[in-house]
Amino acid sequence: MNQTRNFLLFALLAVAYFLFMAWEKDYLTPPPAPAASSSVANAASAPGVPNAQPGSAPVAPTISNAAGANAPSSLVTVTTDVLRLTIDTRGGSLVQAQLLDYPVAPRTHKDPNPAPVTLFDNTNTHYFVAQNGLVSSSDPVAADQPNHLAAFVAAQSSYTLAPGQNELDVPLTWQDAKGLTVTKTYRFTRGSYVIALDQKIANGGSTAWQGNAYTQLLRTEPPHAGNWLKNISNPESRSFQGAAWYTGEKFEKLPFKDFSESKDTLNGDFKNGWAAMLRLYFFAAWIPPAGETLHYATDTVNPGSAHPRYLIRAIGPTLSVAPGQSVDAKARLYVGPNVQGKLDAIAPGLDLTIDYGMFKAIAVPMHGILSFFHSLVKNWGLAIILLVLAIKAATWKLTAMQYRSSAKMRKLAPRVQALKERYGDDKVKLQQAQMELYKKEKVNPMAGCFPVLITLPVFYGLFYVLEYSLELRHAPFLWMPDLSAPDPYYILPIIYALVMLGTQWLNPATVGMDPTQAKMMKVMPLLFTVMFAFFPAGLCLYYAVNGLVGLGQQWWITHHVDREEAATKA
């Protein structure tokens with residue numbers, strides 16, 4: 001296999017991979033399932049309220065307790081230094097969340113203050129909320145329960161973390177006619193995306209209260225980009241969208257399209273886990289207290305509707321509150337960015353939400369090397385260039401063998417052509433004659449294969465790093481405002497196409513090739529230009545610089561081989 005065939009293999013694999021991802025989004029995502037006959041079908045009246053069972057967590061998340069669905073509602077706004085949230089007093093659910101340090105688009109002179117990213121959203125097409133509550137097992141048919149549909153009362157309509165203030169508490173209160181009082185307090189901390197939740201249950205009645213605390217995330221699948229071409233150029237449509245959870249030992253995911261598959265859904269108990277909903281760069285996760293065993297489950301609310309909602313829930317152990325006593329049910333909610341290397345300090349396994357897929361073994365150390373270079377030069381574009389030089393230095397001897405073989409193959413091109421004319425259609429004899437010629441001239445036509453074994457994993461690993469690493473989002477370099485998005489002026493794809501033309505000129509492009517292969521190689525620069533036009537600019541920068549360095553190395557080796565041959569003849 002020579003260098004030109006390596007280019008062909010590389011291109012076909014890359015194009016096939018990304019076209020399949022886009023095609024899968026458009027054609028393999030199933031339509032909403034028809035409405036089920038189970039209790040989930042009643043979700044319109046009481047969306048997502050679990051039943052409690054005394055002594056244990058529910059075996060499966062079922063829908064009950066329609067009371068409270070029409071409870072009065074008002075909105076409470078909370079603003080910290082990093083978050084702006086909206087809490088609905090009906091249930092105390094978080095229905096809006098904006099990440100103030102993360103704009104939806106790069107800052108420019110025309111738009112120096114773009115809108116912040118919205119993670120929680122209560123609109124139908126982008127619905128994503130965090131809910132929590134309590135369900136009673138001592139009085140399961142009670143019309144009034146402190147679940148996420150109950151009418152809570154807030155002391156004020158807005159809260160702001162003041163300058164110099166480190167923590168901000170937002171209390172919501174609910175009380176029934178029997179004397180049971182629930183105070184739901186959210187605690188916000190300066191500089192943190194972790195929200196502490198405390199549900200204090202005070203029993204002022206005459207009978208014991210027993211039930212379970214639960215937390216859940218409810219989300220609809222985001223709208224598709226429209227067609228496969230937009231999906232290719234839209235990183236959000238290529239990334240994982242769905243639920244994820246950690247069992248204390250293992251990280252698992254469930255895309256929205258598989259929520260209807262019973263074999264894939266979640267329904268089990270585990271300790272030191274958490275439940276999350278993921279999207280590109282950002283996520284939300286409910287994290288229980290360390291050491292607690294909870295029941296986790298996934299479900300679909302309003303299946304068959306235009307916008308079905310997908311739920312992941314955690315139900316805590318049974319709580320018992322005697323008359324005159326109080327009990328606290330605690331949890332934490334993370335609402336923020338996927339910052340690699342910092343999430344495990346919040347909860348074990350939380351770093352796994354940065355999902356590099358099957359290339360994680362390559363992507364994680366590559367991200368570490370990039371981060372190291374960035375710490376030196378303070379620019380992600382320069383860090384990528386340093387990564388190119390580091391990989392080139394590590395593989396210099398290997399690529400030198402490849403380029404030396406290619407240079408010698410180029411010298412042999414006339415003799416190979418003569419062999420093809422001599423043997424005509426007798427491919428067996430032609431191949432034998434070529435192998436004897438290569439052996440005599442000490443040329444290894446397979447020398448170009450070894451660098452590809454390194455190039456392809458690096459390509460895919462770096463693709464995931466550049467596209468899924470938050471640090472590279474909106475990172476500018478030269479004319480490019482965002483290294484995780486395509487080059488807006490297509491300069492890097494064109495540079496890479498020119499590099500390929502130079503490489504083809506230095507390579508024996510037609511040695512051992514049939515006419516069809518030779519024609520395909522002629523269109524390779526155009527194919528790569530089109531393909532790289534949809535890739536992250538950081539990836540194009542890597543390959544453009546890598547190609548330029550490789551072209552210079554190949555030219556030098558080819559020139560050196562020519563000088564050696566001239567010296568031998570002299």
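The values are calculated or read from the model by the stated rules, or taken from the named source; none is laboratory data. Worth saying up front: this structure is predicted, and the values here are computed from it rather than measured. Don't worry about glycine lacking a Cβ; one is built from the backbone with ideal geometry, like all the others, and counts go over all protein chains shown. For the accessible areas, the whole protein counts, side chains as well, though only heavy atoms, and no ligand, DNA or RNA atoms are used. Shrake-Rupley method; radii C 1.70, N 1.55, O 1.52, S 1.80 Å.
Side notes on the structure shown:
- Surface exposure of region 77-200, expressed per residue as accessible area with a 1.4 Å probe, stands at 42 Å².
- For region 198-203, Karplus couplings with θ = phi - 60° (6.51, -1.76, 1.60), whole Hz, Gly/Pro x: 10, 9, 8, 9, 10, 9
- Those residues of region 312-337 whose amide nitrogen sits under 19 Å from the label point placed on GLU167, 7 Å along Cα→Cβ: 327-335
- Applied to region 420-426, the Karplus parametrisation 6.51 cos²θ - 1.76 cosθ + 1.60 on θ = phi - 60° returns per-residue 3J(HN,Hα) values of 5, 5, 6, 9, x, 8, 7 Hz, with x for Gly and Pro.
- Across region 458-471, computed HN-Hα scalar couplings (Karplus, 6.51 cos²θ - 1.76 cosθ + 1.60, θ = phi - 60°) run 5, 4, 6, x, 5, 4, 5, 4, 6, 8, 10, 8, 4, 4 Hz from first to last residue, x flagging Gly and Pro.
- Taking every protein chain into account, the 1.4 Å probe leaves TYR214 with about 0 Å² of accessible area, to the nearest ten.
- Modelled spin labels at LYS263 and GLN156, positioned 7 Å past Cα toward Cβ, are 5.6 nm from each other.
- The residues ARG238, ARG279, sorted by heavy-atom accessible surface at 1.4 Å with ligands and nucleic acids left out, run ARG279, ARG238 from largest to smallest.
- When the pairs LYS392/LYS439; LYS271/LYS330; LYS110/LYS378; LYS250/LYS360; LYS420/LYS440 are compared against a 20 Å limit on Cα-Cα distance, LYS392/LYS439; LYS110/LYS378 fall above it.
- Placed amide H near THR160: partners under 5 Å, 5+ positions off or other chain: THR79
- For TRP274, nonlocal amide neighbours, meaning residues 5 or more places apart or on other chains whose placed amide H falls under 5 Å from its own, are TYR246, GLY248.
- Accessible surface of region 237-293, 1.4 Å probe, proportion on carbon and sulfur as whole %: 41
- Summed residue charge, Cβ within 11 Å of ASP264's Cβ, Lys/Arg positive, Asp/Glu negative: 0
- Neighbourhood net charge (11 Å Cβ-Cβ; Lys/Arg +1, Asp/Glu -1) for ASP198: +3
- Close amide H pairs (under 5 Å, H built 1.01 Å from N) link HIS148 with LEU134, residues at least 5 positions away or on another chain.
- Per residue, region 346-400 exposes 48 Å² of accessible surface when a 1.4 Å probe is rolled over the protein heavy atoms with every protein chain present.
- P(r) weight above 26 Å for region 251-383, C-alpha pairs, percent: 39
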